[in-house]
Each structure stands twice: as structure tokens, then as C-alpha cells.
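Okay, structure first, notes after.
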Amino acid sequence: MPDWPRKSAMQQGFALIFAVLALCWAVPAALAQADGAADVPAVAAPEQADAPPPEVAGLRILNNDERARLIVDLNAVTEFAIAALNGPDRIVVDMRAEGLAAPIDETPAGDGLIGVYALAKAEAGRVRATLTLSAPAQVQQAYLVAPVDDQPARLIVDLIPDSPARFAERVSEDYKAALARQAAADAATAAAEAATAAAQPAPSPVTITSGTPRPLIVIDPGHGGIDGGAEAFNGIREKDVVFDFALELQRLLVAMNRFDVSMTRDADTFVKLEDRVTLARANKADLFISIHADKFEDTAIRGTSLYMRDEKATHELDRILAERENRADLIAGFVPPDSDERVTSILVGLMQRETRRKSFQAAQAVLQSLESHTRLRKIPLHRADFYVLQAPEIPALLIELGFLSNEADVANLTRKDWRDETADAIAAGIAAYFDGIDQN
């Protein structure tokens, strides 16, 4: 299940997400120790009196020179805190949880921001993940994901490069003490508001924000896990190509410092089509971007194209592509989403004209940005009945980066410079789309 905030998890999911994003460096003063000091005491996170500490089910690292991700699987969401320490430079993540049966000793993380990682018990009911850095890094975002179906709860911590000076500032006693004071003040305010809300009869749904609300963009890397998607003549798989591309697009959008950006999957995992849509709707996404790279029998077809959802496909090829994508759940043994006439008619009835208009505006902005950077299909904007584009209230696009059945497209998709330039153009187009909304 994707590792991103869910606005519907009001008490222990959504509220924690925004609190931690704002306070991910806010830890007790005990964490601020001099270089070479003894083990750092665990964070004194709030206790849940009636519940034992959750159990850590697994830990993994995604790592390169531009970004790194810590993923901790848990059997329930939990409290956590993060701090930067030096001697050596490292990021520590303390969790209220019980550790694995055996601790993870210092393990090489490969080439990237994280050099070595470890997981160990800090004290009763506390575990610590230690990320020893190869280069200065900062927390880009950190959040919890509630368990859904057979997928565990997860703690996600994303790192991006930082300057040595800024990393040193984050380590300083004064910096952390100031954040800790702010954290205590914010926690007290949140507790008071929660108590007031609990006393209200039949409360209305509450939208929790952190500062000025920012548009939420959901990036959906197609396929994943057992569903590899299309495969090129040289063995390149669609699920891998689109995931790498989606990570770069996410990085570029986050760097703009004006959007909240989430992904429907954080690794090579299978996510049902219905879950991708449900999660985007539960989080009230402002734009949904699904990334694909399909293949077709006609190997001459090539170029980047965009799709909006419509029951009537622009061409027969578009209809076939949509039907193929909509059967993705079958590959993993799931029943495909219901698409009979009754459900379809309801969806069409709910689809607002404004959402269609915004989807078209987004498509135009992205295409205008792309046209000077990469080859587009002769008719670059198409319509087809893709299930993942069905949310009636969320502007949504599906981007076909190219065709894995075409040698020239495969050559582009396997070139980092092409992927980076194309992702940059898409990010610029998305920004232009939101600029247009702001002006209106």
C-alpha cells in the first residue's frame, strides 16, 4: 500500500502527518549531545495507556546521491521523533515500538546519501533507526501511513542533500531546543483543540492544515510488484521505468516549495487500481498524475502523449490501452474494479464539468511545456476510459511517456538526461497550470 498521508485517518494518521512534517526535528533536549557522546536516549513520545508498543515488521532503504528513503513496516501507527547528530553525521529516528527479533547491525546501504543503517532497541518500548550519512542530508518529509487490508502501517522518512553548514545548524543545541519549545506549544494547542472538539455533539468533519494550504499532487507510478506492466525487447519493464521517473518528478515538484506531493507506491509493490483512486480521493488531491510507458503491436507508434478520462476513446488504440491497464488487478489475482453500466452511469453523473475543464487546462499546460523538450505523438492529447482517472472531483491526467515497443522511445526512456529533462518540463507545466488557477 502506498506510503503517503491519508486525510481520512483523523485521529492517528492525518493529524500526526502534519504534526511530524512541521516538527520532524523537534526532539527532547536529551537528544542534543556533544560529538562522541554515549548512546542518545530515546525520545519520550506520548504513551498510549491501553495499547502495547507496536512491533516493527521490517525495515528497508532506498538510496541514491539525490534522495534516500527509510521505510519501517509496523503493525500499527506510532509516535516518533527525528534528530540530526554528528560524530559521525547521522539521522536518528526514534519510535515507540518493539524491535525485530534480532537487531539490524550496521549494514551498508550502497552508494547514496546513506552510508550505513542500523536498528536497535533503545530502551523498553523504544527502538531507534540510525542512518549514518555519506554526505550532509536533511529530512524532506516524514509521515505515517495507517494499515490498509493486508498492508502494514508504515513510517516513511525521505532525505535530500543538505549543505554542511545547514546540517551543523540542525545539530546545534539552540536550534533543537527552540524547535522543542515550539513543539510543546503546538502540542498543547492541538490537545486543547482536540478536547474542545470531543465535547461537541455531532462534530462536522475538520480539515487540518499546516500553515497556508498547498495543493496536493498525487503521482501514480503505474503497475508495480507482481504486475510488471509492459516489457521492452531488451527486458526493460514499465513498472521500473515509470517509478524512477515518478521519483524525479516528485523531487522537482517538492523543490518548488509550493506543493505537497505524494506517490501511490513508494517501492516495487502492487497497489490495486481502486486503492489508487480511493487514496487520492480520501486525501482530497488537487491533481492526479498517472505515469505509464505502454507498448503496442505497431512498433512505429512513438512519442509522449496525455490522456483524459472519457468513456469514448479517441482511437481504437486508446481503447485497447485503457482496457489493458484496467485489467492490471487480474495479474495479481484481484477482481478488477466494477465497470458495469450501472457504476459507469453513476460516475458520469457525478463527474462535474468543472473537473473536466481543469483536467483539460492541466493537459494543455503540460503539453505546452513538453513540446519543446521531447517528441510528442502526432495528436498528443487523447481520451480513454482509464479507471485511475475516474474520480469525479479530482482533475486527472495519465501520461504515456513513450512506447516500449518502439526502439527510439526505449532509448529515450533508458537515458537519465532525457528522463530528467522530461520530468522538469512536466513539473513546469504543472506549476503553470496552478498559476493559471491562482490568477482566476
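The values are calculated or read from the model by the stated rules, or taken from the named source; none is laboratory data. It should be emphasised that the depicted structure is a prediction, and the values quoted were computed from it without experimental measurement. Neighbour counts are summed over all protein chains in view; Cβ atoms, including those assigned to glycine, are modelled from backbone coordinates with ideal geometry.
Each residue in region 96-119 was checked for being at pLDDT 90 or above, among the aliphatic types (A, V, I, L, M) and in a strand (DSSP E or B), and 4 pass.
Residue count for region 415-440 satisfying the condition of being among the polar types (S, T, N, Q) and modelled with pLDDT under 95: 2. Of the residues that sit in region 357-409 and are charged (D, E, K, R), assigned to a helix (DSSP H, G or I) and closer than 23 Å to residue 215 by Cβ, which one is modelled with the highest pLDDT? It comes out as 358. One residue alone among 120, 137, 129 is surrounded by fewer than 21 Cβ atoms within 10 Å (Cβ to Cβ) and of a type in the set (A, V, I, L, M, F, W, C), and that residue is 120. Once region 264-275 is narrowed to residues that are out of contact with any helix residue (DSSP H, G or I) (no Cβ under 6 Å at 6 or more places or on another chain) and surrounded by fewer than 22 Cβ atoms within 10 Å (Cβ to Cβ), the residue that is nearest to residue 160 (Cα to Cα) is 267.
Scanning region 76-132 for residues that are out of contact with any Leu (no Cβ under 8 Å at 6 or more places or on another chain) and of a type in the set (S, T, N, Q) gives 86, 107, 132.
Of the set (1) crowded, with 20+ Cβ neighbours inside 10 Å; (2) assigned to a helix (DSSP H, G or I), all apply to residue 278 but (1). Checked against the criterion of being of a type outside the set (Ser, Thr, Tyr), modelled with pLDDT under 90, surrounded by fewer than 15 Cβ atoms within 10 Å (Cβ to Cβ) and part of a helix (DSSP H, G or I), the candidates 335, 348 yield just one match: 348. Taking the condition in contact (Cβ under 8 Å) with a residue 24 or more places away in the chain, surrounded by 23 or more Cβ atoms within 10 Å (Cβ to Cβ) and of a type in the set (Lys, Arg), does residue 239 pass? So residue 239 passes the test. Just give me the residues in region 126-157 being of a type in the set (Gly, Ala, Ser), at pLDDT 90 or above and not in a strand (DSSP E or B), in sequence order. If the condition is that a residue be of a type in the set (Gly, Ala, Ser), at pLDDT 90 or above and not in a strand (DSSP E or B), then 134, 135 are the ones that fit.
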